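Here's the structure, in structure tokens; my notes come after.
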Amino acid sequence: MITTDICIIGAGPVGLFAVFEAGLLKMRCHLIDALPLVGGQLSEIYPQKPIYDIPGAPGIIAEDLVKNLLLQIEEFKPGFTLGERVESLDKQDDGSYIVTTNEATEIHCKVVVIAAGLGSFEPRKPAVERLEYFEGKGVHYMVKRPEQFRNKKIVLAGGGDSALDWAIFLSDIASRVTLVHRGETFRGAPDSAAKVFELAESGKIDLILQSQVNSLNGNGVLKEVSILGNDKSLTTIETDDFIPLFGLSPKLGPIADWNLGVEKSAVTVNTLDYSTNVERIYAIGDINTYPGKLKLILCGFHEAAIMMQSAFKYVYPEQKLSFKYTTVNGINAF
Ligand SMILES: Cc1cc2nc3c(=O)[nH]c(=O)nc-3n(C[C@H](O)[C@H](O)[C@H](O)COP(=O)(O)OP(=O)(O)OC[C@H]3O[C@@H](n4cnc5c(N)ncnc54)[C@H](O)[C@@H]3O)c2cc1C
């Protein structure tokens, strides 16, 4: 069991900055994210776009903002559990919580902060026969640990950036990479598409275009995929793993079952301190709603600062909080 003061659900920009505001008050944080990487929408949807409304950082590229946020919280040594989705919150007799993920990781904390953005990103599943049967037995919707594919035969499907990027990356790790795509050209970045065509020409990967994986076969574990061409031809290839990469869509998911006030897929909060209707549970960033709410990173940062001042009383019930500027107090690392 991991023990911390504050468990933050969601490692998007707001969850990350919340660690800084907590750290200034000597409160330790552990972050959990369903994605295998930090940064939330910035990393998943628009890593290369410039953001123009971050104070003091005009036109900052989204992935650079994420890097800077990580740098800013480094001294407070937050813990991370990535690639796992929070499923349940269980209140203990002393008011603290045990937060449990889909992979049974447990975090014991005094305060829960929901910074879950639009909800957890769930994979879009293609219509492939026996796809769900082989989940955990050869089917993966995200690449969490590339090393697990070392010397394996893998089939990737999709035509966007993820499919292209992973086909390129895994071509140096897997024994054989096959990329199946229903079109003739790719939606992903032209540079990546050109690299994939180059790798296919040099025989480093197999590219099967104008085709779709239509069924999976194997006895208990995945053994082969059947591929249906647009011309109705059917090919079967042996594989250890199948990785369909058709994007992710956000879902409120388990948060809807935590007895919180919810309006239009967002958690209602008191704007005094961004607390929810359940004691010790706060909601900040895109996941919350209140009159006048703006889904902006800037607003989430403000909410994080206010919220942590309020959470202090649960972490240090014996102490009185006195507000200090960082220019006066400095940053006292853990
Ligand atoms: C194309 C685009 C452009 C944008 N441009 C701007 C802009 O210019 N300026 C601006 O201020 N804002 C912009 N935004 C909005 C901005 O990205 C969001 O306001 C911001 O990402 C919210 O941050 P967050 O940390 O609240 O949530 P998110 O970034 O959504 O992160 C939430 C994280 O929580 C995780 N999560 C959710 N549920 C669970 C669970 N149950 N268990 C574990 N993890 C979970 C998710 O996987 C996700 O990683 C833009 C958004 C988009 C899509």
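The values are calculated or read from the model by the stated rules, or taken from the named source; none is laboratory data. Since this is a predicted model, take the numbers as computed values, not measurements. Glycine gets a Cβ as well: all are built from the backbone with ideal geometry, and neighbour counts include every protein chain shown. Areas reflect the complete protein model, heavy atoms only, side chains present, ligands, DNA and RNA absent. Shrake-Rupley method; radii C 1.70, N 1.55, O 1.52, S 1.80 Å.
Within the stretch 124-149, residues that are of a type in the set (Phe, Trp, Tyr) have Cβ atoms under 6 Å from residues that are in a loop (DSSP other than H, G, I, E, B) in these pairs: Phe134/Leu222; Phe149/Ile173; Phe149/Ala174, counting only partners at least 6 apart in sequence or on another chain. Per the listing Ile32, Ile73, the residue uniquely open to solvent by less than 10 Å² (accessible area, probe 1.4 Å) and assigned to a strand (DSSP E or B) is Ile32. Here Ala174 fulfils each of the conditions (1) touching a strand residue (DSSP E or B) at 6+ places or on another chain (Cβ under 9 Å); (2) surrounded by fewer than 17 Cβ atoms within 10 Å (Cβ to Cβ) apart from (2). Among the residues of the stretch 102-138, the ones that are buried (at least 19 other Cβ atoms within 10 Å of the Cβ), in contact with a Leu (Cβ under 7 Å, 6 or more places away or on another chain) and farther than 18 Å from Gly12 by Cα come to 3 in all. Checking each residue in the stretch 139-153 for being open to solvent by 70 Å² or more (accessible area, probe 1.4 Å) and not in a loop (DSSP other than H, G, I, E, B) picks out Glu147, Gln148, Lys153.
Of Val143, Val139, all but one fail to be modelled with pLDDT of 95 or more and more than 10 Å from the ligand (Cβ to nearest atom); the exception is Val139. Note on the stretch 9-60: among residues that are without any contact (Cβ under 8 Å) to a residue 24 or more places away in the chain and on the phi > 0 side of the Ramachandran plot, the one that is nearest to the ligand (Cβ to nearest atom) is Gly59. A count restricted to the stretch 285-305 and to residues that are open to solvent by less than 60 Å² (accessible area, probe 1.4 Å) and either at negative phi or more than 16 Å from the ligand (Cβ to nearest atom) (or both) stands at 13. When Tyr316, Tyr325 are checked against the criterion of being away from the ligand (no atom under 16 Å from the Cβ) and open to solvent by 80 Å² or more (accessible area, probe 1.4 Å), Tyr325 stands alone in meeting it. The residues of the stretch 215-242 that are among the polar types (S, T, N, Q), within 14 Å of Leu179 (Cα to Cα) and more than 28 Å from the chain's Cα centre (by Cα), listed by number, are Ser226, Thr235, Thr236. Considering the stretch 92-112, and only residues there that are on the phi < 0 side of the Ramachandran plot and either free of Cβ contacts under 8 Å to residues at least 12 places away in the same chain or outside any strand (DSSP E or B) (or both), the residue that is nearest to the ligand (Cβ to nearest atom) turns out to be Asn102.
Among the residues of the stretch 243-265, are any assigned to a strand (DSSP E or B), more than 16 Å from the ligand (Cβ to nearest atom) and either loosely packed, with under 15 Cβ neighbours inside 10 Å or more than 21 Å from the chain's Cα centre (by Cα) (or both)? Yes, because at least one residue in the stretch 243-265 is assigned to a strand (DSSP E or B), more than 16 Å from the ligand (Cβ to nearest atom) and either loosely packed, with under 15 Cβ neighbours inside 10 Å or more than 21 Å from the chain's Cα centre (by Cα) (or both). Set side by side, the residues Leu179, Leu156, Leu164 differ, and just one is assigned to a strand (DSSP E or B) and free of Cβ contacts under 8 Å to residues at least 60 places away in the same chain, which is Leu179. Selection of first residues in the stretch 258-284 that are of a type in the set (Lys, Arg) and of second residues that are at pLDDT 95 or above and open to solvent by less than 30 Å² (accessible area, probe 1.4 Å), restricted to Cβ pairs under 6 Å at least 6 apart or on distinct chains, gives the following pairs, ordered by first then second residue: Arg280/Val111. Filtering the stretch 113-128 to residues that are within 14 Å of the ligand (Cβ to nearest atom) and modelled with pLDDT under 95 leaves Leu118, Gly119, Ser120, Phe121, Glu122, Pro123.
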